[in-house]
Amino acid sequence: MTTLYTTKKACSVCNIISDQTGISSTNEFGSPDLDTRPPEMKRSTIDHWVEKCPHCGYCNSSIEDPTENAEEIVYSQEYRSILENKNYSELVRSFLCQSYIFEYLGKLRSSIWSQLHAAWVCDDQSNKDGAKQCRKKTFKLIETLWSDNDLLMEEKGGDYILAIDLLRRSELFEEASDLIKKGSFADLEGFILDLLKAEEVLVEQKNDLRYTMEDALKLVEKH
């Protein structure tokens, strides 16, 4: 069961108070997607994972939380262009703005997750082109993280599974296949290795559809 609450918060940028909705509790039943999106009921709480100040447009997990150089970022031309981009819904734009703030500050892990959350909302809203663009940007951010000799996830091979899935869902099958070939997977085992095999099957099929990890593993059993 998911429970929500409404509270008044003062924006850390403009200091104007607004109503914001938060999550008191939720749960998860089932398998996450290959790109780590959680199952229900947590899956449907995504509307409340980011807050937006209705006055200045500051976006963060909580608008009360200050961010370094936040005022400069929020009123920049680049940020305003994201905030006003009508190709995306308001929720998608909020995640993209949050991602931009984190990227600007060099917080690549946080930027990656916010960008990926934007892709998930695009999926829910049947904005396939928007979802592709968000996934492509997410992949580029992961590549930047890798170039700094850093990883997004602690679990060995987790970054590669996500990166391949981002390319596959973006219909970049050749690039996904190249990543599978280039990756050092010889020392992977168990669950992660099975997920890699599932991604390989889906890429070979040129399949860009969403799969849970459980359903993807069933594909491996059939091959």
Within the stretch 80-129, can you find the residues that are in contact with a Phe, Trp or Tyr (Cβ under 8 Å, 6 or more places away or on another chain) and either farther than 17 Å from Leu152 by Cβ or at pLDDT below 95 (or both)? Ile82, Leu96, Cys97, Tyr100, Ile101, Val121, Cys122, Asn127
Members of the stretch 71-116 found to be aliphatic (A, V, I, L, M) and in contact with a Leu (Cβ under 7 Å, 6 or more places away or on another chain), listed by number: Ile82, Leu108, Ile112
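Within the stretch 133-154, is even one residue outside any helix (DSSP H, G or I) and under 15 Å from Asp35 (Cβ atoms)?
Yes; the residues of the stretch 133-154 include at least one that is outside any helix (DSSP H, G or I) and under 15 Å from Asp35 (Cβ atoms).
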Using beta carbons and a limit of 6 Å, which pairs, at least six apart or on different chains, have the first residue in the stretch 81-108 and within 18 Å of Gln125 (Cα to Cα) and the second one part of a loop (DSSP other than H, G, I, E, B) and of a type in the set (Val, Ile, Thr)? Ser94/Val50; Phe95/Val50
Output the residues belonging to the stretch 66-79 that are farther than 13 Å from Lys107 by Cβ and of a type outside the set (Gly, Ala, Ser). Pro66, Glu71, Glu72, Val74, Tyr75, Gln77, Glu78, Tyr79
Matching residues in the stretch 100-126 - criterion: being among the polar types (S, T, N, Q) and surrounded by fewer than 19 Cβ atoms within 10 Å (Cβ to Cβ): Ser110, Gln125, Ser126
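If you scan the stretch 212-223, which residues turn out to be loosely packed, with under 15 Cβ neighbours inside 10 Å and under 24 Å from Lys132 (Cα atoms)? Let's see the steps before the verdict.
At the first step, the residues of the stretch 212-223 found to be loosely packed, with under 15 Cβ neighbours inside 10 Å are 214-215, 218, 221-223.
Correct list: Glu214, Asp215.
Quick grid of which residues meet (1) modelled with pLDDT of 95 or more; (2) within 22 Å of Leu108 (Cβ to Cβ):
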{"site": "Lys156", "(1), (2)": "no, yes"}
{"site": "Leu162", "(1), (2)": "yes, yes"}
{"site": "Glu171", "(1), (2)": "yes, no"}
{"site": "Lys182", "(1), (2)": "no, yes"}
{"site": "Leu193", "(1), (2)": "no, no"}
{"site": "Asn207", "(1), (2)": "yes, no"}
{"site": "Lys218", "(1), (2)": "no, no"}
{"site": "Lys222", "(1), (2)": "no, no"}
Specify the residue that is farthest from the chain's Cα centre (by Cα); the eligible residues are those in the stretch 59-79 that are within 16 Å of Glu103 (Cβ to Cβ), open to solvent by less than 70 Å² (accessible area, probe 1.4 Å) and not β-branched (Val, Ile, Thr). Ser76
Listed residues Leu145, Leu209, Leu193, Leu167; which is free of Cβ contacts under 8 Å to residues at least 60 places away in the same chain and crowded, with 22+ Cβ neighbours inside 10 Å? Leu167
When the residues of the stretch 80-91 are filtered to those that are buried (at least 16 other Cβ atoms within 10 Å of the Cβ) and under 18 Å from Cys56 (Cβ atoms), which remaining residue is nearest to the chain's Cα centre (by Cα)? Leu91
Out of all the residues in the stretch 180-190, is one or more without any contact (Cβ under 8 Å) to a residue 24 or more places away in the chain, in a loop (DSSP other than H, G, I, E, B) and among the aliphatic types (A, V, I, L, M)? yes
Which of (1) assigned to a helix (DSSP H, G or I); (2) open to solvent by 10 Å² or more (accessible area, probe 1.4 Å); (3) without any contact (Cβ under 8 Å) to a residue 40 or more places away in the chain is the odd one out, the single condition Asp159 does not satisfy? (2)
Mind listing whichever residues of the stretch 2-58 are within 19 Å of Glu71 (Cβ to Cβ), open to solvent by less than 50 Å² (accessible area, probe 1.4 Å) and basic (Lys, Arg)? Lys9
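The values are calculated or read from the model by the stated rules, or taken from the named source; none is laboratory data. Because the structure is predicted, anything quoted here is derived from the model rather than measured. Positions of Cβ are backbone-derived with ideal geometry, glycine not excepted, and every protein chain shown enters the neighbour counts. Ligands, DNA and RNA are stripped out before the accessible areas are found, and what is left, the full protein with its side chains, is counted by its heavy atoms. Shrake-Rupley method; radii C 1.70, N 1.55, O 1.52, S 1.80 Å.
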